[in-house]
Ligand SMILES: Cc1ncc(COP(=O)(O)O)c(C=O)c1O
């Protein structure tokens, strides 16, 4: 019955892990989940109230497929204030049902069958699957610790072939939290300038959640505005505004691509939720103080997490510049025995940690980098520390 597309499709591994953690929880276990990429604090009051108000005042009908003009104007205002970019809200911005769908739709309208999409590992789990759903070929460039988990200009250049259509990247990165510097972006831009048919998707999902003292992550278009006409900029309400369940994301870029994304959405999801759009508009206009508090909270939690993790022998932790993930290396524990069985991979390590110690994390295999794990620290410190106590217990039981 099923199409080849469906047969080839893997479900989102992070969501599968969340489901497994929930199953264990339902069996009565005290499960700590460090898996999912979502803040544990509520949607800011100003946005929540705007959502309630939208319901109560009957703002509950279809909007334009590419979003309300009010929200698009708020998005344009933020792009100007945060990055100094000017986008025309009428023609160069589309609101989508989540940023995930904005990336999906961008790949759908940019790629023909067989086109290559350059993605570097460790990558956000959905990128390769989304490229495949566009009938494109994900061309994964492996970026290990020695590469600082980032793509250098040289390695980007080597990966480009006549079939390359899109370069898709994310800064701050999910899963590492690493950020590309202006110099690194400039070097990549110089390579991209030599290849005019390569479009860029810049996933800026975490760019306001900076933990290194800067207000916003440096942007490719700041160092190379010439790339604007072939760059799609992605962002959304989920992370900085703690609106994961509202499902609001957006794309900004040149009119031709943005019109295609809007048309694509109009024939698939239709307009995003009117209620969520009303909430996101107010969030974008009035959340600066809340975001400041969020960043302070994340910094405190990060410091506490790093301090606690430093006590775990042989655990290597990479301090993130942004987002709310800790990328850790567990290779030193591989080859050790647990309950008489040799632990061979980070996936197996994660499975034991979940099934015997009831802590859910995401193994590096899911991000294309075995040997690592991703832990979310958008979690109360007491809970995080309890998870680390359990990790220590697990390690103590390994020989
Ligand atoms: C790197 C990255 N991009 C995009 C998204 C999509 O977010 P949403 O669809 O919730 O807007 C996420 C969410 O986890 C992410 O981590």
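In region 203-215, the qualifying residues are those that are within 14 Å of the chain's Cα centre (by Cα) and part of a loop (DSSP other than H, G, I, E, B), and the one that is nearest to the ligand (Cβ to nearest atom) is 205.
Filtering 218, 272 for residues that are without any contact (Cβ under 8 Å) to a residue 60 or more places away in the chain, within 24 Å of residue 80 (Cα to Cα), part of a loop (DSSP other than H, G, I, E, B) and not assigned by TED's automatic domain parsing to the domain that holds residue 387 leaves a single hit, 218. Take residue 295 and decide whether it is part of a helix (DSSP H, G or I) and assigned by TED's automatic domain parsing to the domain that holds residue 23. When the stated conditions are applied, residue 295 passes them. Applying the criterion of being over 15 Å from residue 245 (Cα atoms) and outside any strand (DSSP E or B) to the residues of region 32-44, the residue that is nearest to the ligand (Cβ to nearest atom) is 35. Between 279, 240, the distinction of being touching a residue at least 40 places away in the same chain (Cβ under 8 Å), assigned to a helix (DSSP H, G or I) and under 28 Å from residue 380 (Cα atoms) belongs to 279 only.
For region 95-117, the set of residues classified as in contact with a strand residue (DSSP E or B) (Cβ under 6 Å, 6 or more places away or on another chain) and either outside the structural domain of residue 75 (by TED's automatic domain parsing) or within 16 Å of the ligand (Cβ to nearest atom) (or both) consists of 95, 96, 98, 99, 102, 103, 106, 117, listed by residue number. Only one of the numbered conditions (1) within 29 Å of residue 75 (Cα to Cα); (2) out of contact with any helix residue (DSSP H, G or I) (no Cβ under 9 Å at 6 or more places or on another chain); (3) outside the structural domain of residue 52 (by TED's automatic domain parsing) is violated by residue 332, and that is (1). Restricting 185, 151, 192 to those that are assigned to a helix (DSSP H, G or I) and touching a strand residue (DSSP E or B) at 6+ places or on another chain (Cβ under 7 Å) reduces the list to 192. The strands (runs of 3 or more DSSP E) falling completely within region 301-399 that include 1 or more residues that are without any contact (Cβ under 8 Å) to a residue 24 or more places away in the chain map to 316-318. Going residue by residue through region 166-179, is there one that turns out to be away from the ligand (no atom under 16 Å from the Cβ) and either at positive phi or assigned to a loop (DSSP other than H, G, I, E, B) (or both)? The answer is no, given that none of the residues of region 166-179 is away from the ligand (no atom under 16 Å from the Cβ) and either at positive phi or assigned to a loop (DSSP other than H, G, I, E, B) (or both). Checked against the criterion of being in contact with a strand residue (DSSP E or B) (Cβ under 9 Å, 6 or more places away or on another chain), in the same structural domain as residue 229 (by TED's automatic domain parsing), away from the ligand (no atom under 16 Å from the Cβ) and closer than 30 Å to residue 218 by Cβ, the candidates 73, 91 yield just one match: 73.
The values are calculated or read from the model by the stated rules, or taken from the named source; none is laboratory data. This one's a predicted model, so the numbers in the text were calculated from it and none came from an experiment. Using ideal geometry, Cβ is built from the backbone for each residue, glycine included, and neighbour counts are taken over all protein chains shown.
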